[in-house]
Amino acid sequence: MDLNKFSLAGKVALVTGASSGIGNTLAKGLAKAGATVVVAARRTDRLKELVTDITSTGGKAVKVAMDVSDRASVDAAFEKAEALVGTINIVVNNAGIADPKNFMKTDEASRDQIMNTNFNGVWNVAQEGARRMIDHGETGSIINIASVLGFTAQQGQTAYCSSKGAVIQLTRTLALDLMRYGIRVNAIAPGWFKTEINQDYFNTPAGQTYVQQMPARRLGNVKELIGPVVMLASEAGSFVNGAVLPVDGAVSVT
């Protein structure tokens, strides 16, 4: 097998929600694979540190401010990125939020905020990214960060589960719509990974008990998401399209 197919040299990758957690780690991983990385988030102060981390080890990175739920913000960020580093041909839709609540306690504001970020945001970024690839005659790869909760369910996560289920269906239909342009669309569905969003819970006795009930009896390491994303972004995944890949230590099959 030609391992050079995993190289992202000459590619430009956008990672949304890159200021922390999964997005931060994926940005570093894509840079190590050779891509020039555009890191995007609303919190641009934390992006400066990420860009420094990448460039200090020989990588290439620039930062842009982006609110994925605001189409004008998305368009402006793509415009700035394109002026700095050229056409983005790898899009990693990672930005997302959660607000765990029982269905009967979830108000419209909470529901809409989750859907606007987790679903509409993916739509906005994918559409603008695809439009620019098509306009410039570029092929590419769009990778949406879904969740195992997109095809399973959990009490108190109605809005989040719904949003990630919608992302999974969006991924599948975009793969069909964009295939003619040479743009592949896939998703990964992470299980439970310790990040700053959930670390407080998983450090409690209840959280530890929950971990021991998982098939792997451990949480994922965020770095374990890099390999699947690089594969989907690169020529190594050239015939993978419309797939939703669980990266969850078998949580989704229990």
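Hey, can you tell me all the residues within the range 182-195 that are at pLDDT 95 or above and surrounded by fewer than 20 Cβ atoms within 10 Å (Cβ to Cβ)?
Correct list: Gly182 only.
With the structure loaded, tell me whether Ala77 is under 29 Å from Val12 (Cβ atoms) and not acidic (Asp, Glu) or whether it fails that test.
In short, yes.
Just to be sure, is Leu47 over 19 Å from Ile197 (Cβ atoms), assigned to a helix (DSSP H, G or I), in contact with a strand residue (DSSP E or B) (Cβ under 6 Å, 6 or more places away or on another chain) and not acidic (Asp, Glu)?
So Leu47 does not fit the description; no.
Please enumerate the residues belonging to the range 56-72 that are surrounded by 16 or more Cβ atoms within 10 Å (Cβ to Cβ) and either modelled with pLDDT under 95 or not β-branched (Val, Ile, Thr) (or both).
Gly59, Ala61, Lys63, Met66, Asp67, Ser69, Asp70, Arg71
Scan the range 137-159 and tell me whether some residue there is free of Cβ contacts under 8 Å to residues at least 40 places away in the same chain and under 23 Å from Val12 (Cα atoms).
Among the residues of the range 137-159, at least one is free of Cβ contacts under 8 Å to residues at least 40 places away in the same chain and under 23 Å from Val12 (Cα atoms), which makes the answer yes.
Given the residues Gly129, Gly121, Gly165, which is the only one that is within 17 Å of the chain's Cα centre (by Cα), surrounded by fewer than 21 Cβ atoms within 10 Å (Cβ to Cβ), touching a residue at least 12 places away in the same chain (Cβ under 8 Å) and in a helix (DSSP H, G or I)?
Among Gly129, Gly121, Gly165, only Gly165 is within 17 Å of the chain's Cα centre (by Cα), surrounded by fewer than 21 Cβ atoms within 10 Å (Cβ to Cβ), touching a residue at least 12 places away in the same chain (Cβ under 8 Å) and in a helix (DSSP H, G or I).
Conditions tested, residue by residue: (1) closer than 28 Å to Val211 by Cα; (2) over 15 Å from the mean Cα position of the chain (by Cα).
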position: His136; (1), (2): no, yes
position: Asn144; (1), (2): yes, no
position: Gln155; (1), (2): yes, yes
position: Ala159; (1), (2): yes, yes
position: Met179; (1), (2): no, yes
position: Ile197; (1), (2): yes, yes
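Pairs only if they're at least six apart or on different chains, beta carbon under 7 angstrom, first in the range 198-211 and among the β-branched types (Val, Ile, Thr), second part of a loop (DSSP other than H, G, I, E, B); list them, first residue then second.
From the range 198-211, the pairs are Val211/Arg217; Val211/Arg218; Val211/Leu219.
Please go through (1) surrounded by fewer than 14 Cβ atoms within 10 Å (Cβ to Cβ); (2) at pLDDT below 95; (3) not acidic (Asp, Glu) for Asn198 and return the number of the only condition it doesn't satisfy.
(1)
Check Lys11 against each of (1) in contact with a Ser or Thr (Cβ under 9 Å, 6 or more places away or on another chain); (2) touching a residue at least 60 places away in the same chain (Cβ under 8 Å); (3) under 22 Å from Ala146 (Cα atoms) and name the one condition it does not meet.
Among (1) in contact with a Ser or Thr (Cβ under 9 Å, 6 or more places away or on another chain); (2) touching a residue at least 60 places away in the same chain (Cβ under 8 Å); (3) under 22 Å from Ala146 (Cα atoms), Lys11 violates only (3).
The values are calculated or read from the model by the stated rules, or taken from the named source; none is laboratory data. Note that the structure is a prediction, hence the values are computed from the model and not measured. Because the Cβ atoms are built from the backbone with ideal geometry, glycine has one as well, and the counts that use them run over all protein chains shown.
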